[in-house]
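Notes to accompany the following structure.
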Amino acid sequence: MTTPARSGFVPVHGTDVYYEVWGDGPPALLIHGAFGSTRQFSGLLPAITRSHAAVCIDLQGHGRTADRDEPFSYERFADDCAAVLDHVGAGPAAVVGYSMGGGAALQLAFRHPRLVARLAVLSAPFRHDGWHPDVLANFRATGSHQWPAVKESSLYRDHAEIAPRPEDFPELLDKLGALLGRHEYDWTEQVRALEMPALIALGDGDSLSPVHASEMFALLGGGRWDGGLEGKGLSRSGLAVLPRTTHYDLLASPLLESVLIEFLTDYAA
């Protein structure tokens, strides 16, 4: 496949949210990370679309979706995703969120559980302090003051290639710095209350630690004795820590593809 089966825009709260649908079958919503777009999952699309219709979205201020006059928030991202799923008639869906998109995926499960059949959180924490301290420091330093250094980078060129208003990039830096670096949150109780099967996946050299990911897994009922040979006590959720994998090469990992496809098709069915 070289073009989506369907694409378009959904008007939501002052902006037009861009989406694409690839393939046929039960829906899987894919939510990209900071500075990303629908393109971020292109390497995984061939595997996912063998069994699912992949619904890809450009979040506020990213890809082909213009910014709106309000700060970024995981809650607004989630509501935008819900509007797209309702528009394309694709719920309940398997929801896969990477990095910042993992926070949006969690909020979608909290706020719109009717739309989430199962949840995969890739390289994303459930508490703000789940990021490594050095990562948080980099997030806090993100802002428009970096624009002179960034405007010649591939990061900006990739953005400008499809963005409706490339000139908004300095504001994108400010909003990402505020959301990722200075917005504190703790979703412990919301995670504990989730009822759908979930997959928590990250690299062993990721921007958050496997210790934090195991905390999330425990909140979902994981990490306990399986009850014996029959495995009757096995959690419906799963934890995958990929060896020699970082935040930046996770989506390209063949191990992630294998784990994710198993989760979408057979795992915890």
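The values are calculated or read from the model by the stated rules, or taken from the named source; none is laboratory data. Bear in mind the structure is a predicted one, so any value in this text is a computation, not a measurement. Neighbour counts run over all protein chains shown; Cβ positions are idealised from the backbone, glycine included. Side chains are part of the model used for accessible areas, which takes the heavy atoms of the whole protein and leaves out ligands, DNA and RNA. Shrake-Rupley method; radii C 1.70, N 1.55, O 1.52, S 1.80 Å.
Percent of Cα-Cα pairs more than 26 Å apart in segment 117-261, please.
The proportion of pairs with Cα distances above 26 Å equals 39 percent.
Treat every Asp and Glu Cβ in the chain as -1 and every Lys and Arg Cβ as +1, leave all other atoms uncharged, and give the resulting dipole magnitude about the Cα centre to the nearest 20 debye.
340 debye
With viscosity set to 1.002 mPa s and temperature to 20 °C, compute the Stokes-Einstein D of segment 59-146, Rh being the Kirkwood radius across alpha carbon pairs; µm²/s, no decimals.
Details: Rh = 14.1 Å.
Estimated via Stokes-Einstein, D reaches 152 µm²/s.
Residues of segment 30-179: accessible area per residue at 1.4 Å, in Å²?
Each residue of segment 30-179 exposes 36 Å² on average to a 1.4 Å probe.
Give the carbon-plus-sulfur fraction of the accessible surface of the chain in %, rounded to a whole number; probe 1.4 Å, heavy atoms of protein chains only. Please list the in-between numbers first.
Values: 6150 of 11900 Å².
Here it works out to 52 percent.
In nm, to one decimal, how far is the ASP266 label point from the THR188 one, both placed 7 Å along Cα→Cβ?
Calculated label separation equals 3.7 nm.
Hey, what's the Cα Rg ratio for segment 113-183 versus the globular rule of thumb, 2.2 N^0.38 Å? Write out the running numbers ahead of the final one.
Values: Rg = 15.1 Å, N = 71, 2.2 N^0.38 = 11.1 Å.
For segment 113-183, the normalised Cα radius of gyration comes out at 1.36.
Give me the accessible area of TYR185, 1.4 Å probe, in Å² rounded to the nearest 10.
Surface open to solvent at TYR185 totals about 30 Å².
May I ask for the longest run of the chain untouched by GluC sites (Glu not before Pro) that are loop-located per DSSP and have at most 12 neighbouring C-beta atoms (other than their own) within 10 Å? Before the final figure, lay out each step's value.
Details: sites that count: GLU152, GLU184, GLU195, GLU230.
Answer - 1-151.
So, R0 is 30 Å and r is the distance between the beta-carbons of GLN146 and GLU75; what FRET efficiency does that work out to, to 0.05?
0.70
What spacing in nm lies between the two simple spin-label points modelled at ASP134 and ASP204, each 7 Å away from Cα in the Cβ direction?
1.8 nm
Show me, for segment 144-153, the HN-Hα J-couplings you get by feeding each phi into the Karplus relation (A = 6.51, B = -1.76, C = 1.60, θ = phi - 60°), rounded to Hz, glycine and proline as x.
Couplings: 5, 5, 7, 3, x, 7, 8, 5, 9, 8 Hz.
Considering only DSSP states other than H, G, I, E and B, which trypsin sites (Lys or Arg not before Pro) in segment 151-251 qualify as loop sites with at most 14 other Cβ atoms within 10 Å? Provide the component values of the computation, followed by the final result.
On the way: sites: LYS151, ARG157, LYS175, ARG182, ARG192, ARG224, LYS232, ARG236, ARG244; in loops: LYS151, ARG224, LYS232, ARG236.
Passing sites in segment 151-251 are LYS151, ARG224, LYS232.
Pairing the Cα long axis of helix 254-265 with the longest principal axis of the chain, what angle in degrees results, from 0 to 90 and rounded to the nearest 10?
70 degrees
Where the convex hull is taken over the Cα atoms of the chain, what is its projected area averaged over directions, in nm²?
For the chain, the mean projected area of the Cα convex hull comes to 13.8 nm².
Can you pull the one-decimal nm distance between simple spin-label points at ILE162 and GLU257, each 7 Å off the Cα toward Cβ?
For ILE162 paired with GLU257, the spin-label model returns 2.0 nm.
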